[in-house]
Ligand SMILES: Cc1cc2nc3c(=O)[nH]c(=O)nc-3n(C[C@H](O)[C@H](O)[C@H](O)COP(=O)(O)OP(=O)(O)OC[C@H]3O[C@@H](n4cnc5c(N)ncnc54)[C@H](O)[C@@H]3O)c2cc1C
């Protein structure tokens, strides 16, 4: 056994592309690379290596739907957690099924191989996973993000194990709290405040800022409408009081603990969710061994447009681990997918073919319609897909158009999307739209 291990650790598996992270952005990088004819390895640390096209935050979406369907608007009835758990399980099955269906042809044709375990760099473009070492000319990093942990909370205290959660661990809370204190008035804190209140928990939301969703590019009237809805359903919101001065975990498992806020107010609660931001999950990658360097926002980029990670190495970062860059806002699935398309296009410009921008650069602004025919495609969508493709304020639609280089019109009444451009641009846009539709995992 030891000899076999030693021998296998010496063997290097060579691929054209290694993708680190089997979340939605890694899956898309793998699918695009395989479709361009490359042999791809994907490494995923969790889910026994299973790939997942639904985003890390999909559990909160399933919980949101569960709270709408099983809970009440006023939160005056406690929903048994086994019903919530069954709902989430069912949704998980669907999300994994969709991923499996998207990947089956590529896996069967030997284009994509999945590896289970945490990946770490052991050299330039060399990655260790378990006993294997993978090597590829091109590497995509799509390791996502993790919840930020404020030092004033007792994360390492065993007594806090079933009391204190961050925006990742809350997905496994496994029970409906009696009274939950949520720290953070961003999208995740507000979303969980609604979910847990509608399911019947008492909820106190505390935030540093004077208003909800501060700095999240949300209009004032939307922010005040959300504040009104939180109040109407019975959530207590404490503005400008989001700092925890001290925290006492429960003395008995799942009993009440106590949090003292900056104002001096003490809050007794049986669950604390601290949702105060997220940062790129690169700590375990040993970027230095791969010749890379992490910035506070994610792996270092050499070129703004390409999101290239380091000189010398062909490494690109996309999705939540890439942090702020040319394609924004960060922390959204549609942004990660757009970054991924830009990164794959940059890594394989010849296979990808010229984009509208490239063509215009090459022709110095001359009309390039002579040798390539412009086409128009119309696809039908249902109402949910239309909303998903449009995105907040039309942002997803704009991203698809920018990345594919096509023009996109969405008719929300006729439920059609009209795509205009050169054939490759239209096909790219349709491909991207299909992927976004297949990521609409809600039941
Ligand atoms: C609670 C919550 C709610 C959200 N709600 C929304 C929403 O409503 N709409 C929206 O657009 N976005 C939402 N998001 C954001 C969305 O989940 C992310 O933008 C999206 O998941 C990013 O995809 P990704 O592939 O970059 O990262 P992830 O989905 O995080 O996937 C990264 C994968 O990499 C794996 N990994 C990490 N390190 C390693 C390693 N060293 N080796 C191997 N594998 C590794 C991880 O296990 C993970 O499976 C939400 C996020 C959270 C946390």
Subject >> Subset of the range 309-326 that is under 19 Å from the mean Cα position of the chain (by Cα) and outside any loop (DSSP other than H, G, I, E, B) - its residue that is modelled with the lowest pLDDT >> reply: 322
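Out of everything in the range 397-415 that is outside any loop (DSSP other than H, G, I, E, B) and under 19 Å from residue 354 (Cα atoms), what residue ends up being modelled with the lowest pLDDT?
Taking the range 397-415 as the starting set, the residues that turn out to be outside any loop (DSSP other than H, G, I, E, B) are 397-404, 407-411.
Restricting the remaining residues to those that are under 19 Å from residue 354 (Cα atoms) gives 399-404, 407-408.
Values: 399: 83, 400: 85, 401: 87, 402: 84, 403: 80, 404: 83, 407: 90, 408: 91.
So, considering only residues that are outside any loop (DSSP other than H, G, I, E, B) and under 19 Å from residue 354 (Cα atoms), the one modelled with the lowest pLDDT is 403.
Please work out if residue 245 is touching a strand residue (DSSP E or B) at 6+ places or on another chain (Cβ under 9 Å), assigned to a strand (DSSP E or B) and over 19 Å from residue 149 (Cα atoms). Quick ask: steps written out before the conclusion?
Working: touching a strand residue (DSSP E or B) at 6+ places or on another chain (Cβ under 9 Å): yes; assigned to a strand (DSSP E or B): yes; over 19 Å from residue 149 (Cα atoms): no.
No, not satisfied.
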Original post:
Which of the following residues is farther than 19 Å from residue 280 by Cα and either more than 11 Å from the ligand (Cβ to nearest atom) or modelled with pLDDT of 95 or more (or both): 47, 14?
Top reply: 14
Original post:
List, please: which pairs have Cβ atoms under 8 Å, are six or more places apart or on different chains, and start with a residue in the range 166-177 that is part of a loop (DSSP other than H, G, I, E, B) and end with one that is within 8 Å of the ligand (Cβ to nearest atom)?
Top reply: 167/147; 167/188; 167/275; 167/278; 168/56; 168/147
Subject >> Cβ pairs under 8 Å, 6+ apart, first in the range 116-144 and free of Cβ contacts under 8 Å to residues at least 12 places away in the same chain, second in a strand (DSSP E or B) and crowded, with 21+ Cβ neighbours inside 10 Å >> reply: 128/121; 128/134
Original post:
For the range 273-294, what are the residues that are part of a strand (DSSP E or B), more than 10 Å from the ligand (Cβ to nearest atom) and within 16 Å of the chain's Cα centre (by Cα)?
Top reply: 279
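In the range 178-204, which residues are part of a loop (DSSP other than H, G, I, E, B) and at negative phi? Write out each step before concluding.
We begin by selecting, within the range 178-204, every residue part of a loop (DSSP other than H, G, I, E, B); these are 178, 184-186, 199-201.
Listed by number, the residues that qualify are 178, 185, 186, 199, 201.
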Subject >> Single unsatisfied condition, residue 360 versus (1) in a helix (DSSP H, G or I); (2) at pLDDT 70 or above >> reply: (2)
Original post:
Quick check: is even one residue across the range 207-227 under 17 Å from residue 62 (Cα atoms), assigned to a loop (DSSP other than H, G, I, E, B), more than 13 Å from the ligand (Cβ to nearest atom) and in contact (Cβ under 8 Å) with a residue 12 or more places away in the chain?
Top reply: no
**OP:** Those residues that are more than 16 Å from the ligand (Cβ to nearest atom) and touching a strand residue (DSSP E or B) at 6+ places or on another chain (Cβ under 9 Å), I need them from the range 136-163; list them, please.
**Re:** 137, 138, 150, 152, 153, 154, 155, 157, 159, 160, 162, 163
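The values are calculated or read from the model by the stated rules, or taken from the named source; none is laboratory data. Keep in mind that what you see is a predicted model, and the values were worked out from it rather than measured. Here Cβ is always computed from backbone atoms with ideal geometry, including for glycine, and neighbour counts include all displayed protein chains.
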